[in-house]
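Structure, as C-alpha cells:
The values are calculated or read from the model by the stated rules, or taken from the named source; none is laboratory data. Every value quoted in this text rests on a predicted model; they were computed, and no experiment measured them. Cβ coordinates were reconstructed from backbone atoms using ideal geometry, including for glycine residues, and neighbour counts include every protein chain displayed. Please note that ligands, DNA and RNA were not included when accessible areas were found on the heavy atoms of the full protein model with its side chains. Shrake-Rupley method; radii C 1.70, N 1.55, O 1.52, S 1.80 Å.
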Amino acid sequence: MPALIKPYILIVDDNPFNRELISEVANAEGFLVIEAKDGKEAISNIKKTNFSLVMLDLLMPGMDGFETAKTIREMGITVPIVAVSALTMKQDRQHSLRSGCNDFLPKPVNIKKLRSLLQKYIKDVPLKQKPISPLIDKDAFILSPSNFKGLNLVLVEENEHLRKQYSNLLIEAGFQVQGVANGSDALNYIENRVYNVHIIISNIFTSGIDGLGLLTIVKRKFAHILVFLYTESYDTSTFQYAVQQKVDGIIPKDQFETAAPGIIESALSQSSSKGSRMSEAETAQMVRHAQDQLIHPGCINLCPSLDVAYQALHEAGGDMMRCHRFGLDGKCGIVLADVAGHNVMSSYTSAIFTGILTSFWDTHKDPLALLKKINQELIKVGNDKSHICATAVVWDRWSGRLEIASAGNPGGLMVSVGAHGNLVYKNLAGGGMVLGALENSDLFISDSEQLDQDVYLFLFSDGIDESELMNAVGNMPQLFDAASIKGICQHLMDNILEKKEPEDDLILLCVHNKAKCDTSNLSSEFLSTYEEVDRACIWVGQKLTDDAIPNGNDKDLVLLCIREGLLNAVEHGNNYKSTAHFEVSLDFTDHQLRINISDEGRGFNLKENLLKSDDLTMTQIGKRGLSFMNSIAHKIVVKGRRVTLIFNKIKI
C-alpha cells in the first residue's frame with residue numbers, strides 16, 4: 001500500500017520549549033511540523049501552506065493568539081485551530097472560541113491530552129509510521145559533546161546527590177558546570193563572572209532565592225544568560241509567570257536526563273548568532289538600567305520619611321519618581337510621573353521630562369506652577385504622542401503643610417490611625433489634563449493638606465486603582481504599627497498583585513514623618529565642593545549652640561573635627577566630584593552629640609585608614625584627616641557611605 005501524504009500542522013508559540021514539546025508529539029502522530037514564534041509569522045505561513053491543524057498559543061507579544069485566530073477566520077480559512085494557553089478560566093476559553101478557535105488545550109501541556117487532540121483532527125496519517133513516545137528516546141536528544149563545548153553552565157539544586165547526578169550528565173554533554181545549592185549562591189557566582197556564564201538550570205523550589213526569583217533577577221540584570229527551570233510539578237500560574245519572565249525552557253524533572261540537552265539546544269538555535277544575542281542583551285540591560293535611574297530618590301539616601309516601590313510591566317517603560325530638598329528651609333519636593341507606552345521611546349520621553357523638571361524645580365517650588373512650566377516646555381519639544389500624567393507635591397517637613405497638584409494622575413490617598421486603632425481614609429482629588437497635550441494649563445488640579453504625624457500619604461500611578469490600594473491597606477493594618485515605613489509600599493503592592501495581573505507599570509510611594517523634625521534632629525545636603533564645606537560648617541556652627549555641646553568638649557575642636565569629616569566626604573567619599581552631594585545631620589541630647597556625614601562613595605575601612613594616617617600636627621590648618629577626627633571624637637562609626645562622629649558628656 002502506498003504511503004499516504006502526511007498532513008501539515010502549524011505550531012505557533014513564542015516559547016521554544018512549548019514548540020519543541022508539541023512538535024515531538026505531532027511528529028510521532030504523523031504530522032509534518034512547521035513552527036512560528038508569533039502571530040505575524042503564523043499568518044505568513046498560512047498564506048503559503050495548506051495546514052490540517054493549527055496549535056495556537058494565546059499569550060504572545062505583538063499579535064496575540066486571539067487576534068491571530070480572528071485574522072485567520074477573516075481570511076476565509078477554515079483550518080481547525082486549537083488554543084493552547086495557561087489562561088484556563090471559563091471566560092478565556094469562551095473568548096478563544098469567539099475568536100475562531102475550535103478547541104482548547106490548557107498549559108502546562110498534558111502529553112496524553114495533546115495526543116488525543118491530534119488524533120481527533122488528523123485525517124491522513126501514514127499507516128506505515130509507528131508512533132513513538134516523545135521525550136523518551138535518549139538518542140534523539142543527547143547531542144555530541146562538541147555542540148556544547150565552551151558553554152559555562154550554573155546548576156542550582158539543593159539536593160547534593162541530584163546536583164552531582166545532573167552535573168555529570170551535563171558535563172558528559174560538553175558543558176562546563178558549576179553546581180550551587182540555591183539562587184543566592186548562583187547570583188553571587190554570576191556577579192563575579194557575568195560574561196563567563198552562558199546558561200542557568202535551576203530547580204524551581206530551593207531555599208533562599210528560588211528558581212522563579214532567580215529567573216526574574218537574571219533576566220533583568222543579565223539578559224544574555226539563558227535560564228531553564230525544572231520541577232516535579234507546577235501549577236498554571238507558576239508556569240505562566242515563568243513564561244512572562246521569559247524563561248528559555250521548562251524541563252520536566254522526571255525527564256531531565258533525556259530532555260534537558262534537547263531543550264537547551266532548541267533554545268540556543270533561536271539565536272541567529274552569539275554576537276547579535278549579546279548586542280540585544282546589552283541594549284536591554286542599558287534600557288533597564290536607565291529605567292532604574294528614573295525611579296530614584298533625589299537625595300543621597302532615601303530619607304526615613306519616604307518609601308517607594310516600582311513594578312515594571314515590560315522591559316522598557318516611562319514611569320519616573322524624583323524627590324528634591326529645597327535648601328535649608330525644611331521643604332521637599334516630590335514628583336511622580338506616568339508616561340504613556342512601554343517602550344524605549346517612553347523612557348526617552350521620561351528622560352526629557354526629568355531634565356525639564358530638574359532645570360526648573362528650584363525656581364518653581366509651588367507644585368501647580370511647576371506643572372504649568374513643565375507643560376510649556378514639553379509643548380516646545382513637540383512630543384505630543386507620549387502624554388505624561390504627573391503628580392507634584394511640595395511638603396514642609398517642619399510644619400507638615402502639603403501642597404499637591406495633579407495632571408492626569410490619581411490625586412492620592414491619606415491614611416491615618418484612629419483613636420481606637422481603626423484606619424481612616426481621605427481621598428485627594430486627582431485628574432486634570434495630561435502634560436504636553438494642550439497649552440491651556442488651567443485644567444490641572446491642585447489642593448492643600450496637613451500631613452500630621454499620624455498621617456500616611458500614598459501617591460500612585462494610574463496602574464493602581466484607589467479601591468485596590470484601600471483593600472490592601474485594610475488587609476495589612478499591621479504595617480502601620482511598625483517603627484519605620486521602609487518596605488511598606490512593596491508589601492502593599494505585593495498584596496495588590498496577588499489579586500490581579502498588572503496592565504501597566506506601577507509606582508506606589510508613601511510619605512510619612514513619624515518623628516517630626518525639630519531643632520534637636522536636623523539635616524541638610526550640600527554640593528561636594530570646598531565652598532560648600534565652608535557653607536556647611538557655618539550651618540553646623542549655627543545649630544550647635546553652647547548647650548548642644550556635651551559638657552567637657554571644646555566647641556572649637558568639635559567644629560574642626562566636623563570640618564575634617566566634611567573634607568573627607570569631598571576628597572575621599574566623592575573623589576572631588578563637584579556634582580556629587582554630601583549630607584550632614586545632627587542629633588544631640590544632654591549626654592551625647594552625633595554628627596552623621598554621608599557621601600556618594602563606597603565607604604572605607606576605619607582601622608585600615610587609621611593605620612595609614614600621617615603623624616598629626618595639631619596646629620595644621622585643614623588636611624588633618626581621619627586621625628584627627630579619631631583623636632577628638634569619642635567614637636567614629638563607619639557604615640558604608642556614612643561616617644558618624646560621636647561626642648559624649650565628660651565627667652569633670
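Tally time: how many residues in region 15-31 are open to solvent by 50 Å² or more (accessible area, probe 1.4 Å) and either modelled with pLDDT under 85 or under 13 Å from V109 (Cα atoms) (or both)? Reasoning before the result, please.
Our first condition is that a residue be open to solvent by 50 Å² or more (accessible area, probe 1.4 Å); within region 15-31, this holds for 24, 27.
Imposing the further condition that a residue be either modelled with pLDDT under 85 or under 13 Å from V109 (Cα atoms) (or both) reduces the set to 24.
Total meeting the criteria: 1.
Within region 177-184, identify whether any single residue is part of a helix (DSSP H, G or I), surrounded by 12 or more Cβ atoms within 10 Å (Cβ to Cβ) and either touching a residue at least 12 places away in the same chain (Cβ under 8 Å) or aliphatic (A, V, I, L, M) (or both), and answer yes or no. Spell out how you get there, then give the answer.
Narrowing region 177-184 to residues part of a helix (DSSP H, G or I): 183-184.
Right, trim to surrounded by 12 or more Cβ atoms within 10 Å (Cβ to Cβ) and you get 183-184.
Going one step further and asking which of them are either touching a residue at least 12 places away in the same chain (Cβ under 8 Å) or aliphatic (A, V, I, L, M) (or both), we end up with 183-184.
Yes: region 177-184 contains one or more residues that are part of a helix (DSSP H, G or I), surrounded by 12 or more Cβ atoms within 10 Å (Cβ to Cβ) and either touching a residue at least 12 places away in the same chain (Cβ under 8 Å) or aliphatic (A, V, I, L, M) (or both).
State which residue is most open to solvent (accessible area, probe 1.4 Å) when the search covers only region 357-370 and only residues that are without any contact (Cβ under 8 Å) to a residue 24 or more places away in the chain and assigned to a helix (DSSP H, G or I). If you could, list the steps in order and put the result at the bottom.
Here is the first cut: in region 357-370, the residues without any contact (Cβ under 8 Å) to a residue 24 or more places away in the chain are 359-360, 363-364, 369.
Filter once more, so that each one left must be assigned to a helix (DSSP H, G or I): 359-360, 369.
Values: S359: 82, F360: 51, A369: 35 Å².
Top of the filtered list is S359.
Which number in (1) open to solvent by less than 70 Å² (accessible area, probe 1.4 Å); (2) assigned to a helix (DSSP H, G or I); (3) at pLDDT 85 or above marks the one condition that F104 misses?
Result: F104 passes all but (2).
Taking the condition open to solvent by 20 Å² or more (accessible area, probe 1.4 Å) and of a type in the set (A, V, I, L, M, F, W, C), does I388 pass? Before the answer, list the steps.
Values: open to solvent by 20 Å² or more (accessible area, probe 1.4 Å): no; of a type in the set (A, V, I, L, M, F, W, C): yes.
No, not satisfied.
So, restricting to helices (runs of 4 or more DSSP H) that lie completely within region 533-643, which ones have at least 3 residues that are modelled with pLDDT of 85 or more and open to solvent by less than 10 Å² (accessible area, probe 1.4 Å)? Please lay out each step first, then the result.
Working: elements: 555-568, 606-612, 625-632.
Once the helices (runs of 4 or more DSSP H) in region 533-643 are filtered for at least 3 residues that are modelled with pLDDT of 85 or more and open to solvent by less than 10 Å² (accessible area, probe 1.4 Å), what remains is 555-568.
Which of the following residues is out of contact with any Phe, Trp or Tyr (no Cβ under 9 Å at 6 or more places or on another chain) and at pLDDT 85 or above: L127, L117, L87, L58? Lay out the reasoning, then the answer.
Values: L127 fails: at pLDDT 85 or above; L87 fails: at pLDDT 85 or above; L58 fails: out of contact with any Phe, Trp or Tyr (no Cβ under 9 Å at 6 or more places or on another chain).
None of the others qualify; the one that does is L117.
Do we have K37 as touching an Asp or Glu at 6+ places or on another chain (Cβ under 7 Å) and either more than 15 Å from C101 (Cβ to Cβ) or open to solvent by 50 Å² or more (accessible area, probe 1.4 Å) (or both) here? Break it down into steps so the answer makes sense when it comes.
Values: touching an Asp or Glu at 6+ places or on another chain (Cβ under 7 Å): yes; either more than 15 Å from C101 (Cβ to Cβ) or open to solvent by 50 Å² or more (accessible area, probe 1.4 Å) (or both): yes.
Here the answer is yes, as K37 does meet what is asked.
Here is a yes/no grid of residues against (1) out of contact with any helix residue (DSSP H, G or I) (no Cβ under 7 Å at 6 or more places or on another chain); (2) under 16 Å from V335 (Cβ atoms); (3) without any contact (Cβ under 8 Å) to a residue 12 or more places away in the chain:
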{"residue": "D396", "(1), (2), (3)": "yes, no, no"}
{"residue": "L402", "(1), (2), (3)": "yes, yes, no"}
{"residue": "A407", "(1), (2), (3)": "no, yes, no"}
{"residue": "G432", "(1), (2), (3)": "no, yes, no"}
{"residue": "D452", "(1), (2), (3)": "yes, no, no"}
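Suppose the filter is farther than 19 Å from D103 by Cβ and assigned to a loop (DSSP other than H, G, I, E, B); does N50 pass it?
Details: farther than 19 Å from D103 by Cβ: yes; assigned to a loop (DSSP other than H, G, I, E, B): yes.
When the stated conditions are applied, N50 passes them.
With the condition being touching a Lys or Arg at 6+ places or on another chain (Cβ under 6 Å), I'd like the strands (runs of 3 or more DSSP E) fully within region 373-444 carrying at least 1 qualifying residues. Explain how you work it out, then say what you get.
Numbers: elements: 388-396, 401-407, 412-417, 423-428.
Where strands (runs of 3 or more DSSP E) fall fully within region 373-444 and carry at least 1 residues being touching a Lys or Arg at 6+ places or on another chain (Cβ under 6 Å), they are 388-396, 412-417.
Being open to solvent by less than 50 Å² (accessible area, probe 1.4 Å) and modelled with pLDDT of 65 or more: is that true of K246 here? Can you show your working first?
Working: open to solvent by less than 50 Å² (accessible area, probe 1.4 Å): no; modelled with pLDDT of 65 or more: yes.
Taking the combined requirement at face value, the residue does not satisfy it.
Spot the failing condition for S276; the list is (1) within 18 Å of V218 (Cβ to Cβ); (2) at pLDDT below 75; (3) part of a helix (DSSP H, G or I), and only one is missed.
Against the list (1) within 18 Å of V218 (Cβ to Cβ); (2) at pLDDT below 75; (3) part of a helix (DSSP H, G or I), S276 comes up short only on (1).
Anything in region 437-458 that is crowded, with 16+ Cβ neighbours inside 10 Å and more than 16 Å from R397 (Cβ to Cβ)? List them, or say none.
Filtering region 437-458 down to residues crowded, with 16+ Cβ neighbours inside 10 Å leaves 437, 441, 444-447, 449, 451, 455-458.
Hits for region 437-458 are A437, S441, F444, I445, S446, D447, F458.
What pairs come up if the first residue lies in region 246-265 and is of a type in the set (S, T, Y), the second is in a helix (DSSP H, G or I), and their beta carbons are under 7 Å apart, counting only those six or more places apart or on different chains?
Listed pairs, sorted by first residue: T258/K138.
Just checking, which of L59, L10, L87 is touching a strand residue (DSSP E or B) at 6+ places or on another chain (Cβ under 9 Å), aliphatic (A, V, I, L, M) and in a strand (DSSP E or B)? Reasoning before the result, please.
Working: L59 fails: in a strand (DSSP E or B); L87 fails: in a strand (DSSP E or B).
Testing whether each residue is touching a strand residue (DSSP E or B) at 6+ places or on another chain (Cβ under 9 Å), aliphatic (A, V, I, L, M) and in a strand (DSSP E or B) leaves just L10.
Take the residues in region 490-514 that are part of a loop (DSSP other than H, G, I, E, B) and free of Cβ contacts under 8 Å to residues at least 60 places away in the same chain; name whichever of them is least open to solvent (accessible area, probe 1.4 Å).
Taking region 490-514 as the starting set, the residues that turn out to be part of a loop (DSSP other than H, G, I, E, B) are 498-505, 512-514.
Checking which are free of Cβ contacts under 8 Å to residues at least 60 places away in the same chain leaves us with 498-501.
Working: E498: 142, K499: 134, K500: 52, E501: 110 Å².
Across region 490-514, the extreme among qualifying residues is K500.
So in region 56-87, with the set limited to residues that are among the charged types (D, E, K, R) and more than 26 Å from the chain's Cα centre (by Cα), which one is most open to solvent (accessible area, probe 1.4 Å)?
Applying the first criterion (among the charged types (D, E, K, R)) to region 56-87 yields 57, 64, 67, 70, 73-74.
In the following step, the residues that additionally are more than 26 Å from the chain's Cα centre (by Cα) were identified as 57, 67, 70, 73-74.
Working: D57: 5, E67: 91, K70: 113, R73: 68, E74: 133 Å².
My answer is E74.
If the Cβ limit is 9 Å and pairs must be 6+ apart or interchain, which residue in region 518-546 that is basic (K, R) pairs with which residue that is modelled with pLDDT of 85 or more and buried (at least 17 other Cβ atoms within 10 Å of the Cβ)?
K543/L586
Please specify each residue of region 158-176 satisfying the condition of being small (G, A, S) and either touching a residue at least 40 places away in the same chain (Cβ under 8 Å) or in contact with a Ser or Thr (Cβ under 8 Å, 6 or more places away or on another chain) (or both).
Restricting attention to region 158-176, the residues satisfying the condition of being small (G, A, S) are 167, 173-174.
Answer for region 158-176, where residues must be small (G, A, S) and either touching a residue at least 40 places away in the same chain (Cβ under 8 Å) or in contact with a Ser or Thr (Cβ under 8 Å, 6 or more places away or on another chain) (or both): A173, G174.
Starting from residues that are β-branched (V, I, T) and either at pLDDT 70 or above or exposed (fewer than 14 other Cβ atoms within 10 Å of the Cβ) (or both), keep the ones in region 130-172 and report whichever is farthest from D185 (Cα to Cα).
Once the filter is applied, the top-ranked residue is I132.
Among the residues of region 186-204, how many are outside any loop (DSSP other than H, G, I, E, B) and buried (at least 19 other Cβ atoms within 10 Å of the Cβ)? Give the steps one after another, and end with the answer.
Residues of region 186-204 that are outside any loop (DSSP other than H, G, I, E, B), as a first pass: 186-192, 194-196, 199-203.
Remaining after also requiring buried (at least 19 other Cβ atoms within 10 Å of the Cβ): 186-187, 190, 199-203.
Here the count works out to 8.
Name the one entry in A223, A267, A259, A242 that is part of a loop (DSSP other than H, G, I, E, B) and closer than 27 Å to D13 by Cα. Let's see the steps before the verdict.
Values: A267 fails: part of a loop (DSSP other than H, G, I, E, B); A259 fails: part of a loop (DSSP other than H, G, I, E, B); A242 fails: part of a loop (DSSP other than H, G, I, E, B).
Only one candidate qualifies: A223.
Kindly indicate whether L479 is open to solvent by less than 60 Å² (accessible area, probe 1.4 Å) and under 25 Å from the mean Cα position of the chain (by Cα). So that I can check it myself, show each step before the final result.
Working: open to solvent by less than 60 Å² (accessible area, probe 1.4 Å): yes; under 25 Å from the mean Cα position of the chain (by Cα): yes.
Yes.
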